[in-house]
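The values are calculated or read from the model by the stated rules, or taken from the named source; none is laboratory data. Bear in mind the structure is a predicted one, so any value in this text is a computation, not a measurement. Note that each Cβ is placed from the backbone with ideal geometry, even for glycine, and that neighbours are counted across all protein chains shown.
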Amino acid sequence: MKSHLNSKVLECQTNLFNVETKEHVESVSKMCLHLASFFDFSKSEMYNIKIMSVFHDIGKIKIPIEILEKTKPLTPPLSGKK
């Protein structure tokens, strides 16, 4: 069951995010696991942390990719400011 969930989470991650975001999520996941290991979390807790770390930026799903990848400051219509 856990390996199936892992594969589904990774599939979701691959389909929804660009490469840069995918690498960021993987980096955050590794960092979270290192911290969990340092604090002697159980294997079950570490598994949950790994899964939840993938979703730490879940709000990005609602933001258009053009805004996420924009390198210049947002214009007033995009920033929500008048």
So HIS56 passes all but one of these: (1) under 13 Å from the mean Cα position of the chain (by Cα); (2) modelled with pLDDT of 90 or more; (3) of a type outside the set (Ser, Thr, Tyr); (4) not in a helix (DSSP H, G or I). Which condition number does it fail? (2)
What is the one condition in (1) in a helix (DSSP H, G or I); (2) modelled with pLDDT under 90; (3) hydrophobic (A, V, I, L, M, F, W, C) that MET31 does not satisfy? (2)
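Which of the residues belonging to the range 19-41 are among the hydroxyl-bearing types (Ser, Thr, Tyr) and in contact with a helix residue (DSSP H, G or I) (Cβ under 8 Å, 6 or more places away or on another chain)? Lay out the reasoning, then the answer.
Pass one, the range 19-41, residues among the hydroxyl-bearing types (Ser, Thr, Tyr): 21, 27, 29, 37.
Result: THR21, SER29, SER37.
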Flagged in the range 50-64 as surrounded by 12 or more Cβ atoms within 10 Å (Cβ to Cβ) and among the hydrophobic types (A, V, I, L, M, F, W, C), in numbering order, are ILE51, MET52, VAL54, PHE55
